[in-house]
Amino acid sequence: MESKTKHYYIDSSINTRGFGSQKIARIAFYMKVTMSAPGKIALFGEHAVVWGQPAIVSAIDRRVHVTVEGRTDSMIKISAMDLHVPGVVLTFQEGNKAPVIETDYGRIVNAVAYVRKAIDVCRKHLSLSADKGANVTIHSEMPVGAGLGTSAAVSVATLAAYTRLMGHELRPEELARLGHITELEVQGAASPMDTAITTHGGILYIRPTKPDPYIETVGVPVALPAIIGYTERESSTAEMLRRVKDLRNSNPRVIDSIMSSIGEVVESAKAALISGDLFTVGKLMNINHGLLESLGVSSKRLNDMVYSTRFAGAIGSKITGAGGGGCIIALCPGKEAEVSTAIRIAGGMPIQSRLSKTGLKLESLEQ
Ligand code: MEV
């Protein structure tokens, strides 16, 4: 793998829908703002939540940091320095229509697409002109594009930092909504799940109602000792969402009933979590994995990790996130070491991470 910094030029054309007017609190103008936002694990209900079913999701203690610094020209310079791949710098200028350069850094280019779109969405929402440039630097404590919600974290942290830089402060609900719009425009489809959890933190039950999602904090009276297993992603979230949509279009009744079954699993899991019944939670994770597999979003490597963690003593394990490679989550009280070893033997990488109450956070403001 190359380790040199690279410069790419991206087409900056804008395709952003209009928004309703929002009340905006004006605050002081800052020159450098750093915001951080957490990654997430989908405990139950991913994919089905895109089709109207509820989901349960938790923030984790691995975060993305986005620093936005004002420039005197109109350039937006995006530096993704620490995304578990060699450092890379992408630069583009308003009006420059140079094509995207195809590279090995697909996931980086993808992460940068969320930054770019978040800035477009923010400018449109606040009616800002495009003549104020910024340097945007992203650091991530977790692998990017692995199914841990980095795109939502990058989107929401960029939106929050850029609005602050431009002298505005938006409410968390507005940032989550704009983050969802950002994801929708980059991916073509998305639920409000990832952008809500990265904004609010904690463990949330989410139902994707319109115009705003119904969100409830899930109080769990016991610890949830879980290990994440990561394997290289084979397909992007957008691709996995497209595949499920195609499957649903060719078999609407079958797939709709699988989606409804996932919704039932989520409702039962919510009750089990609230009562601290981890064994029921684990069983429901296994059922949820089977249903996700029937949607075609698993892979051999993900299944190897899922089954070997169960064999090593996990009381439940499933894909977490969009699938197509990426991550699994294994609930494994008292068996963390064995389960981590099982993930390694199955060809994956265990990621130690705790669930976290902290959502979007202002890290620093410099004038
Ligand atoms: C991706 O983290 C979770 C999905 O359900 C997509 C979404 O909810 O936007 C697959």
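Per-structure values
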{"item": "FRET efficiency for residue 245 and residue 294, using Cβ-Cβ distance with R0 set to 22 Å, rounded to 0.05", "result": "0.90"}
{"item": "Å² per residue, accessible surface of the range 226-351 at 1.4 Å", "result": "41"}
{"item": "Long-range tail of P(r) for the range 299-367 (Cα pairs > 15 Å, %)", "result": "55"}
{"item": "The range 226-351 - percent of accessible surface contributed by carbon and sulfur, probe 1.4 Å", "result": "56"}
{"item": "Backbone HN-Hα couplings from phi across the range 228-238 [Karplus 6.51/-1.76/1.60, Hz, Gly and Pro as x]", "result": "9, x, 10, 9, 3, 6, 9, 9, 6, 4, 4"}
{"item": "Sites residue 129 and residue 352 - FRET efficiency at Förster radius 41 Å, r taken between beta-carbons, to 0.05", "result": "0.35"}
{"item": "In sequence order, calculated HN-Hα J values of the range 59-67 (Karplus, 6.51, -1.76, 1.60; Hz; x Gly/Pro)", "result": "6, 10, 8, 8, 10, 10, 10, 10, 10"}
{"item": "Exceeding the 20 Å Cα-Cα cut-off - candidates 77/132; 32/132; 40/300", "result": "40/300"}
{"item": "For peptides 352-361, 292-301, sequence by mean Cβ density within 10 Å, most packed first", "result": "292-301, 352-361"}
{"item": "Charge context of residue 308, other residues only, Cβ under 14 angstrom, K/R +1, D/E -1", "result": "+4"}
{"item": "Table column - 3J(HN,Hα) (Hz), the range 262-276, Karplus curve with 6.51, -1.76, 1.60, x for Gly and Pro", "result": "4, x, 5, 4, 4, 5, 5, 5, 4, 4, 5, 5, 5, 8, x"}
{"item": "Between the range 140-211 and the range 299-367, the Cα center-to-center distance that results, in Å", "result": "21"}
{"item": "Rounded if a/c under 1.5, otherwise prolate or oblate - the range 231-298, Cα gyration tensor axes", "result": "oblate"}
{"item": "Amide H partners (placed H, <5 Å) of residue 71, local residues excluded", "result": "133, 134, 135"}
{"item": "Sequence of 194, 131, 73 when ordered by accessible area, the most exposed leading, probe 1.4 angstrom", "result": "131, 73, 194"}
{"item": "Full-stretch length increase - residue 268, residue 139 - with 0.36 nm per residue and alpha-carbon distance subtracted", "result": "42.7 nm"}
{"item": "Sorted peptide list for 116-126, 321-331, 202-212, criterion being average Cβ within 10 angstrom, highest first", "result": "321-331, 116-126, 202-212"}
{"item": "Extension gain from residue 222 to residue 75, taking 0.36 nm per residue of separation minus the Cα-Cα distance", "result": "48.0 nm"}
{"item": "Peptides 332-343, 238-249, 160-171 ordered by average Cβ neighbours within 10 Å, highest first", "result": "160-171, 332-343, 238-249"}
{"item": "Rounded to the nearest 20 debye, dipole of the range 226-351 from Cβ charges on Lys, Arg, Asp, Glu", "result": "160"}
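The values are calculated or read from the model by the stated rules, or taken from the named source; none is laboratory data. Everything quoted here is computed from the prediction, not taken from an experiment. Quick reminder, even Gly has a Cβ in these numbers, built from the backbone with ideal geometry, and neighbours come from all protein chains shown. Calculation scope for accessible area: heavy atoms of the full protein, side chains included, ligands and nucleic acids excluded. Shrake-Rupley method; radii C 1.70, N 1.55, O 1.52, S 1.80 Å.
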